[in-house]
Amino acid sequence: LIRIRSSKSKIRKKRNVRLSDNAQKALSRISHLPILPMGIRRKFNDVKRVAGFVEWPSDVLRHTAISYHVERFQDKSATALWAGNSVRIIEEHYLELVSPTDAMAFWEIDLRPV
């Protein structure tokens with residue numbers, strides 16, 4: 001469980017976010033490391049460059065997670081609560097963007113550190 005402080009929330013409201021099983025496993029492997037290591041932005045920019053990304057839309061990781069969450073769990077209310085959005089926003093922006101098969105695979109990705 002991650003507690004999001006209101007000062008860090010997109011809508012300035014505190015909430016709890018339950019981690020997926022694969023995220024829990026990944027974090028348990030690196031629990032001895034800081035959550036945001038020094039130089040994380042530079043390192044992430046290096047990863048994007050090496051992977052060939054020319055453009056990186058704002059909030060793309062958040063939008064991806066929400067799209068896959070709503071498809072996998074088929075619960076707009078739970079997804080809205082999880083993401084700190086409203087059901088209306090989920091309905092307007094995140095429905096039917098990914099296939100059920102891709103959503104299932106997304107939540108089973110092995111997030112093993114390299």
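The values are calculated or read from the model by the stated rules, or taken from the named source; none is laboratory data. Since the structure is predicted, the reported quantities are computational estimates derived from the model, not experimental observations. Cβ: placed from backbone, ideal geometry, glycine included. Neighbour counts: every protein chain shown.
Observations on the structure shown:
- Residue list for the range 56-98, restricted to those being under 13 Å from the mean Cα position of the chain (by Cα), of a type in the set (Phe, Trp, Tyr) and farther than 20 Å from LYS8 by Cα: TYR68
- Pair list, Cβ under 9 Å, 6 or more apart: the range 52-78 residue within 16 Å of GLU108 (Cβ to Cβ) and free of Cβ contacts under 8 Å to residues at least 40 places away in the same chain, other residue part of a helix (DSSP H, G or I) and of a type in the set (Asp, Glu): TYR68/ASP102; GLU71/ASP102
- Out of LEU27, LEU33, one residue alone is modelled with pLDDT under 85 and either within 15 Å of the chain's Cα centre (by Cα) or within 27 Å of GLU96 (Cα to Cα) (or both). It is LEU27.
- Residues that are without any contact (Cβ under 8 Å) to a residue 24 or more places away in the chain and either under 27 Å from SER86 (Cβ atoms) or among the aliphatic types (A, V, I, L, M) (or both) within the range 25-38 comprise LEU27, LEU33, ILE35, LEU36, MET38, listed in sequence order.
- Some residue of the range 37-54 being modelled with pLDDT of 90 or more and either at positive phi or under 15 Å from the mean Cα position of the chain (by Cα) (or both): yes
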